[in-house]
Amino acid sequence: MFAEVIVDVAHSDVDKIFDYACGSEIAAGMRVAVPFGKGVTTGFVMRVKETTEVPPEKIKKILRAEDRFPALTAEALMLAEKISARYRVPLALTLRLFLPAEMRTGKVGERYCTVCRLAEGEHTIPARARQQAALISFLRENGEADSAFLRKRFGAALSALEEKGIVLREKRRVFRNPYRGEEGTGAERTLTPAQQSAVDTVLHTKRTVTLLHGVTGSGKTEVYLTLIAGVLKEGKTAIFLVPEISLTPQMLLQLRSRFGEKAAILHSGLSAGERFDEWMRLREGEARIAIGARSAIFAPVENVGIIVIDEEHDGSYSSESAPRYRTFDIALLRAAYHRCKLVLGSATPAVETYRRAKEGEFSLVTMPDRINARPLPAVEIVDMRREVRRGNATVFSASLREKLKKCLGEGNQAILFLNRRGYSQTVLCNACGYVAKCEHCDVALTYHSDEDCLKCHYCGASYKMPSACPSCGGKHIRYVGTGTQRVVQELGKLYPAARMLRMDMDTTSGKEGHFRILKKFANREADILVGTQMVAKGHDFPSVTLVGILDADMSLHFPDYRSGERTFQLITQVAGRSGRANAPGEVVLQTYDPDNYILRFAAAYDYTGFYAHEIAMRQATAFPPFAAIVRVMVTGGDEKEALEALRQTYGKLQKLQSAHPDQFLFFNRMHAPIKRIQNKYRYQVLMRLATGSPIGEIYAICAEIKYKNTLVYVEENPSNLS
Ligand code: ADP
Ligand code: ZN
């Protein structure tokens, strides 16, 4: 027998099949150890076959299987090949997507424990052996127990009884379970007519994809859970994707109590061992629902009955490292393979998704009302220019302050949102205008008051806060722009009794991440939650009656054709956190541009109005979905080499353009807006292409360009053009 093997080295030079001889214990999908070059490396078996073209004297043998089962399913092998061809990345790289990182590094393995139990039959022991008698009665009561525990408690009695054959030991596989002992309130609910009709549509439509467009608090989650429960009853499995940040403690408990051990939850708060075990439980079919963020789309479940992507518009569903896949595309491939349904849910669908539903490619379900006909919170737009004219120099408008006072006074909670972490955006010298910048990146630094330092938000570098201007020696330093830290500080002055929590990238690192903060807020250990867009996602806090959006304009001016769409989504989502239970909610939206149509549509919860406006504009200006924005990035530490790579790339793309002149609506090469990040120079070729243009050829061109220290890669409709 022979095996076709891909070695686990992500380099295009070795991205090809190598044949090895093997025994009958080797199967497709297995990880194996193979001799390669002068050493031994891990490989993936793609196929097993009877014959090979390789001459017998040249063929080497597989040394061993790395696991006792094929880690990769037949579907995974097929998908990995497709993804590799689509994005022109080595197969080893796409195969890795289907495995937990812990498995490849070999740092974590299956965990076993040794348990002891009594042998069958009567056991007679000498009366003096009191410890042995105690151990026997302990085991009689408990059935079995961990051997290390018994040794500690009963000492030498354990080995004595083992020698006599009275106590037997056994090796037992254990799963590290992150949620053992946690109870939740996930009782099934009677569906409302709107929810029931959503479920029926998904089940009965002929289309694969259903878009569930339901306002915040319309009960979409219950629709997903009902669909998933139905699929489990048929003996199938499910994949349920949510943005990482929506995996709140409440959500986990709800899933846990509804589905128990059948649900495997993959998220960044797990330890490596826990993540590995959750993956294993899915691979072995013990767990049948894979729940997680983007990467859970690669979960090793077979016989999939449904795939759900909640908050489908969320930016986190696009991968920002190679392969730069979109989760939806992978989901569609898996849905086709399993002939199952794919459900997309959102209160603010991506413009592109909504268009596909409108055009009839997806079926569309609308849930326009909140559960129990609770009203959506009223949104007040506050003109911050007027506040400035009135002499209010703070970030809180008079109206927001008044409403905060009322909210706190009534014992409710508030969420304040602004899209900038740290204390202030930039630090300027009042005398000479000097701006503190990162040494490794072409960006201004942000002041962080808790550590009294300057930080680069692109590379994380940290600098001492200068006491005088490094340029002119001036002593007067100005802080421009407000971040979350400053908001918390100023709130403290206004409401000394209020308890505050801050949630942003600085406070959510580490294993517990955002869980700790959300749990505290849910337990009402704080009155005000101040945060970046992390606070906008899916949370359901019944006591929140006020949401303040401090700088609605920030995201409007982001360099992206979707900045209007993003702003609409962000405002709708964050506003949706208010008034979810019995007390009605309010929203204060502060802006310097109160007549902006995006803000107007958002304040009126008018998605269809927003969509009609946005799609007309995209069509008129030939932007996605009527065209594709393709950016080829060239980055490298050696400026000369990067420029040379850019020249070569551009030359080849120019040839492609002359072959298809009508396809290139825009074509230019330039510095990327941020010229340097982490000491890497950044150049780009920016293109706007008619739909259906030769994107595959662009990938091919970039894959051919090989420099030692320079990376050339393609981004399709990138969400960040910096
Ligand atoms: P969405 O995901 O659409 O924002 P959720 O699924 O969070 O909305 O539901 C909003 C609230 O309504 C939650 O508190 C949920 O427990 C509750 N809910 C959902 N469905 C029902 C139902 N059928 N009956 C009663 N309450 C429900
Ligand atoms: Zn930096």
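Every number in this text was worked out from the coordinates using simple rules, so none of it is lab data. From a predicted model like this one, the values you see are computed outputs, not experimental measurements. Every residue, glycine among them, receives a Cβ derived from its backbone with ideal geometry; neighbour counts consider all protein chains shown.
Here are the numbers for the structure shown:
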read-out	value
Gain in span if fully extended, Ala468 to Asp383, counting 0.36 nm per residue against the direct Cα distance	27.0 nm
Highest average packing first - 119-131, 603-615, 204-216, 539-551, Cβ atoms within 10 Å	539-551, 204-216, 603-615, 119-131
Sorted peptide list for 700-707, 471-478, criterion being average Cβ within 10 angstrom, highest first	700-707, 471-478
Cα gyration tensor shape for region 358-409, rounded if a/c is under 1.5, else prolate or oblate	oblate
Of all DSSP beta bridges in the chain, antiparallel share, percent nearest 5	55 percent
Ellipticity estimate at 222 nm from DSSP helix runs (n ≥ 4, -39,500 (n - 2.57)) divided over the chain, nearest 500	-9500 deg cm²/dmol
Exposure proxy ranking, count of Cβ atoms within 10 Å, fewest first, for Leu408, Leu689	Leu408, Leu689
For Tyr597, Tyr683, order by how many other beta-carbon atoms lie within 10 Å, fewest first	Tyr597, Tyr683
In Hz, Karplus ³J(HN,Hα) per residue of region 352-367 (6.51, -1.76, 1.60; θ = phi - 60°; x = Gly, Pro)	5, 5, 5, 5, 5, 6, 4, 7, x, 6, 10, 8, 10, 10, 10, 10
In Hz, Karplus ³J(HN,Hα) per residue of region 574-579 (6.51, -1.76, 1.60; θ = phi - 60°; x = Gly, Pro)	6, 4, x, 7, 8, x
The chain - Cys residues lacking any other Cys C-beta under 4.7 Å	Cys22, Cys113, Cys116, Cys340, Cys407, Cys453, Cys459, Cys702
Surface/4 estimate of mean projected area, convex hull on alpha-carbon atoms of region 2-105, nm²	6.6 nm²
Cα-only radius of gyration and Dmax that characterise region 627-716, units Å	12.6, 38
Whole-number Å³ per residue for the convex hull built on Cα positions in the chain	235 Å³
Between region 649-722 and region 114-171, the alpha-carbon center distance in angstrom	70 Å
Phi to ³J(HN,Hα) by Karplus 6.51 cos²θ - 1.76 cosθ + 1.60 over region 188-195, Hz, x for Gly, Pro	5, 10, 6, 5, 6, x, 5, 5
Descending semi-axes in whole angstrom, ellipsoid equivalent of region 351-460, from the Cα gyration tensor	38, 27, 15
Exposure proxy ranking, count of Cβ atoms within 10 Å, fewest first, for Asp527, Asp329	Asp329, Asp527
Distance violations [Cα-Cα > 31 Å] among Lys82/Lys652; Lys437/Lys655; Lys455/Lys493	Lys437/Lys655
Summed side-chain charge close to Lys206 - residues other than Lys206 whose Cβ falls under 13 Å, Lys, Arg +1, Asp, Glu -1	+2
Protection proxy ranking of 253-264, 91-102, 365-376 - average other beta-carbon atoms within 10 Å, highest first	91-102, 253-264, 365-376
